[in-house]
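Structure first, then comments.
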Amino acid sequence: MKKTVVRFKKLSEKAVAPAYASSGAAGADLYAAEDSDMVILSGTTQLIHTGIAVEIPEGYVGLVFARSGLASKKGLAPANKVGVIDSDYRGEILVPMRNQSNTAQTVAAGERIAQLVIVPYLAADFAESGELGGTERGEGGFGSTGTR
C-alpha cells in the first residue's frame, strides 16, 4: 500500500508519535501527553493533550475517532464524536474526552486515547437551485428506509 507522509511536531517531552497498532489498521493511535493521570468524572468532559501538531497534506483531512476498547470498556470517547483536523491547522491535537460511564474513569499519562485516520476529501462549490434531482428515496427523512 502506498503511504502518504504526514509530518508531525512534538510540542511536549511527553508526546508520543502516532502509531499504527497493526499492519492493517486504518487509524494511528494518539497518546495522552499529560504530566500525570487524569480522572474524568461521570458525565463530564476533559481536554486531553496529545503534545503533537500535524501537517495534513492539502486535499486530505485528519479524522479523530474513539478507540473501541476505551469506549466499550471504560465509556470514554471523544465528546465531539469525530474530530476534524483541516490541512491548514497547525496547532496541538487536543481530544475532548467524554466519560459516558456511571463512574469516574482514569486516563493514564501515555495511554492511547483516540485514533487518527487520514483521508482524502472533495471540496465542493455549492450552487443554490430551485429544484433538486429526484431519487427513489425522495424527501424521506430519518429512518425512512426502515430499520432492517
ask   = Mean residue ellipticity at 222 nm from the helices of the chain, using -39,500 (n - 2.57) per DSSP H segment of n ≥ 4 over the full residue count, to the nearest 500 deg cm²/dmol?
value = -1000 deg cm²/dmol
query = Percent of accessible area on the range 49-115 owned by carbon and sulfur, 1.4 Å probe?
reply = 49 percent
request  = For every other residue with a beta carbon closer than 12 angstrom to the beta carbon of Y121, add +1 if it is Lys or Arg and -1 if Asp or Glu, then tell me the sum.
outcome  = -2
ask   = For the pair F142 and A21, what calculated FRET efficiency results from E = 1/(1 + (r/R0)^6), where r is the Cβ-Cβ distance and R0 = 41 Å, to the nearest 0.05?
value = 0.75
key: Surface per residue (accessible, 1.4 Å probe) for the chain, Å²   = 68 Å²
message = Using a 7 Å offset from the Cα along the Cα-to-Cβ direction at both T45 and Y89, what is the distance between the two label points in nm, to one decimal?
response = 1.3 nm
Listed residues N102, S68, I85: farthest to the positive end of the dipole of the range 60-108 (Cβ charges) = N102
note = About its Cα centre, the chain carries a charge dipole, from +1 on Lys and Arg Cβ atoms and -1 on Asp and Glu Cβ atoms, whose size in debye to the nearest 20 is 680 debye
Counted charge near E111, where neighbours are those whose Cβ lies closer than 11 Å (Asp, Glu -1; Lys, Arg +1) = 0
query = Between the DSSP loop rule and a limit of at most 15 other Cβ atoms within 10 Å, which GluC sites (Glu not before Pro) in the range 1-105 are left?
reply = E13, E58
ask   = What ratio of Cα Rg to 2.2 N^0.38 Å holds for the chain?
value = 1.27
ask   = How big, on average over all directions, is the shadow cast by the Cα convex hull of the range 41-95, in nm²?
value = 4.2 nm²
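The values are calculated or read from the model by the stated rules, or taken from the named source; none is laboratory data. What you see is a predicted model, and the numbers here were worked out from it, not measured in a lab. Heads up, the Cβs are rebuilt from the backbone with ideal geometry, glycines too, and the neighbour counts pull from every protein chain shown. For accessibility, only protein heavy atoms count, side chains too; no ligands or nucleic acids. Shrake-Rupley method; radii C 1.70, N 1.55, O 1.52, S 1.80 Å.
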